[in-house]
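First up is the structure itself, then whatever we jot down about it.
The values are calculated or read from the model by the stated rules, or taken from the named source; none is laboratory data. As the structure is a computational prediction, the values presented were derived from the model and not from experiment. Quick reminder, even Gly has a Cβ in these numbers, built from the backbone with ideal geometry, and neighbours come from all protein chains shown.
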Amino acid sequence: MECRAVYMQRFEEINLLATMAEKNSELGGNIMAMNALTRSGLVLLCGYFEGFLREMCKEFVEELNDLGIPPSKIPLRMLSEHVNACSDK
């Protein structure tokens with residue numbers, strides 16, 4: 001899965017922020033900086049995870065398309081969810 005590799009690469013940015021926050025949590029560290037770094041990491045984590053889920057769904061649909069499965073073999077609920085999601089855009 002390509003989306004996993006991209007997510008893991010982006011996760012390194014979050015690890016960097018966590019390391020910087022840990023350094024600021026030591027005695028004499030800057031608590032405001034630690035809090036800002038922690039919040040920044042959380043925002044990045046949420047955003048990257050949202051992107052990961054979106055890309056994972058796209059890859060799943062592409063895999064289904066590549067398999068050439070006829071729509072009659074796909075569960076009706078899955079098809080109706082897809083149609084509803086596309087029509088909402």
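Within the stretch 26-43, which residues are loosely packed, with under 15 Cβ neighbours inside 10 Å and assigned to a helix (DSSP H, G or I)? If the condition is that a residue be loosely packed, with under 15 Cβ neighbours inside 10 Å and assigned to a helix (DSSP H, G or I), then Ile31, Met32, Ala33, Asn35, Arg39, Leu42, Val43 are the ones that fit. Within the stretch 44-89, the set of residues being exposed (fewer than 11 other Cβ atoms within 10 Å of the Cβ), outside any helix (DSSP H, G or I) and modelled with pLDDT under 85 comprises Pro70, Pro75, Lys89. In the stretch 43-70, the residues that are within 12 Å of Val6 (Cβ to Cβ) form Cβ pairs under 9 Å with partners that are among the aliphatic types (A, V, I, L, M) and in a helix (DSSP H, G or I), at six or more places apart or across chains, as follows: Tyr48/Val6; Tyr48/Ile14; Gly51/Val6; Phe52/Val6; Glu55/Val6.
Just the residues that are farther than 25 Å from Glu62 by Cα and surrounded by 13 or more Cβ atoms within 10 Å (Cβ to Cβ), please, taken from the stretch 1-15.
Listed by number, the residues that qualify are Glu13, Ile14.
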